[in-house]
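> After the structure tokens below, expect a handful of questions from me.
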Amino acid sequence: MSVKDKVALVTGAASGIGEQCARKLAALGASVVIADLNLKAAESVAESIRKEGGKALPVSMDVTSEEAVNAGIQQAVDRLGSIDVLVSNAGIQIVNPIEDYAFSDWKKMLAIHLDGAFLTTKAAVRHMYAAGNGGSIIYMGSVHSHEASKLKAAYVTAKHGLLGLARVVAKEGGSRGVRANVVCPGFVRTPLVDRQIPEQAIALGISEADVVKNVMLKETVDGEFTTVEDVANTVAFLAGFESSALTGQSIIVSHGWSMH
Ligand code: NAD
């Protein structure tokens, strides 16, 4: 099982989970495309990977824009020759009870998580099918692909939606060796989660320590956060898996919070 000499494009790779996925895939010998809205941060991640001996190309990409996605993926193929692995990871969080959830925020959430997954998949599979070498598509789901939490109507809806998309892509791509799976992390300390802790404390009327202990980690087997390394290792396993035995699945990496 190997991603050596493969080309892997990771969206939202300038920070958090996506960054660690890119670092891990590069360490395993893949050429990685650091696709992110924040080009400056993407450039700095790419430079740091190159300093460690890896191959990395920063690309500016807003995953909600069809033009930007197509241009970024074309740029990757032109520069690196193919696209073998897509990690659709870019995401944000907006928490609010549904009666106060702004429609514009709902649309923004679905655009980044679902339009982004659709647009990057559509562009990537065209190259994968044309090259005839198969491929691996990995969606960054969440425990919220399987469970619900208060304040997260849009996030839970979007993350559940990714399961459906992955299953369709698995069926359509099966005869051409293109696999599609979802990785579902529990809470990971990234900027996305660090921002949520004070927001949830205010919305739920509890302390920040209680948000961590009694909301985020309450259902885990050991009260531990999942790490970016845990998630990146799972992504690397799926990226390098060599047959379609493992497709259309979701793997939950959450210290036992969810056991589907
Ligand atoms: P993060 O905030 O650290 O990183 C997200 C990255 O996505 C940033 O670099 C940001 O610039 C980029 N991004 C945002 N909007 C974008 C857009 N429109 N186009 C391109 N890039 C964009 O967040 P993270 O915690 O690493 O989250 C990454 C993914 O993991 C998200 O899909 C998130 O839902 C998922 N996830 C996170 C956790 C967690 O606890 N942190 C748990 C489960 C799932």
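None of the figures in this text is laboratory data; all of them are computed from the coordinates on show. All values derive from a computational prediction rather than experimental measurement. Please note: Cβ atoms are built from the backbone with ideal geometry, for glycine as well, and neighbour counts cover all protein chains shown.
> Please give every one of the aspartates and glutamates within straight-line cross-link reach of residue 159, meaning a C-alpha to C-alpha distance under 16 Å, and leave out same-chain neighbours fewer than 8 residues apart.
Reachable aspartates and glutamates: 105, 115, 147.
> Something else now. So if I place +1 on the C-beta of Lys and Arg and -1 on the C-beta of Asp and Glu, and nothing else carries charge, what would the dipole magnitude of the chain be about its Cα centre? I want it in debye, nearest 20.
The dipole magnitude comes to about 620 debye.
> How high is the FRET efficiency from residue 203 to residue 168, r the C-beta distance, R0 35 Å, rounded to 0.05?
The value I calculate is 0.55.
> Which shape class applies to the chain: rounded if a/c is under 1.5, otherwise prolate when a/b exceeds b/c and oblate if not, where a ≥ b ≥ c are the square roots of the Cα gyration tensor eigenvalues?
prolate
> At 0.36 nm per residue, and after removing the present C-alpha to C-alpha distance, how many nm does the segment from residue 175 to residue 66 gain when stretched out fully?
Result for the pair: 36.6 nm of gain on full extension.
> While we're looking at this one, here's another question. If I fit a long axis through the Cα atoms of helix 191-204 and take the longest principal axis of the Cα atoms of the chain, what angle between them do I get, 0 to 90°, rounded to 10?
Roughly 20 degrees, rounded to the nearest 10.
> Any idea what log10 I(q)/I(0) is at q = 0.22 Å⁻¹ for region 136-205, Debye with uniform C-alpha scatterers and no solvent?
Computed log10 I(q)/I(0) values: -0.95.
> Find how much the distance from residue 195 to residue 111 grows on full extension, using 0.36 nm per residue of separation minus their present alpha carbon separation; answer in nm with one decimal.
Taking 0.36 nm per residue and subtracting the Cα distance, the gain is 28.2 nm.
> A follow-up question, please. Can you list residues whose amide H is under 5 Å from residue 55's amide H, if they're 5+ apart or on another chain and H is modeled 1.01 Å from N?
Hits under the 5 Å cutoff: 32.
> What is the gain in length, in nm to one decimal, between residue 218 and residue 92 on full extension, counting 0.36 nm per residue of separation less the C-alpha to C-alpha distance?
43.1 nm
> By counting other Cβ atoms within 10 Å of each Cβ, how are 136, 175, 65, 31 ranked from fewest to most?
In order of increasing Cβ crowding within 10 Å: 175, 65, 31, 136.
> Between residue 79 and residue 51, what FRET efficiency comes out of the Förster formula 1/(1 + (r/R0)^6) with R0 = 25 Å and r the beta carbon distance, rounded to 0.05?
That gives a FRET efficiency of 0.85.
> Another one. Which FRET efficiency value, to the nearest 0.05, do you get for residue 229 and residue 249 by plugging their Cβ-Cβ distance into 1/(1 + (r/R0)^6) with R0 = 22 Å?
The pair residue 229/residue 249 has a calculated efficiency of 0.55.
> Apply the a/c threshold of 1.5 to the C-alpha gyration tensor of region 36-97 and tell me whether it is rounded, prolate or oblate.
The shape class here is oblate.
> Considering the convex hull of the alpha carbon atoms of region 166-260, report its projected area averaged over all viewing directions, in nm², one decimal.
7.2
> Among 42, 217, 237, flag the residue with its Cα farthest along the positive direction of the charge dipole of the chain, charges on Cβ as +1 for Lys/Arg and -1 for Asp/Glu.
In the chain, that residue is 237.
> Taking 27 Å as the cut-off for C-alpha to C-alpha distance, list the pairs among 4/122; 51/122; 6/171; 6/122; 107/213 that go past it.
Among 4/122; 51/122; 6/171; 6/122; 107/213, the Cα-Cα distance tops 27 Å for 51/122; 107/213.
> Turning to a different aspect of this structure: Given H placed on each backbone N at 1.01 Å, which residues far from residue 151 in sequence or on other chains put an amide H within less than 5 Å of it?
Residues meeting the amide H criterion: 98.
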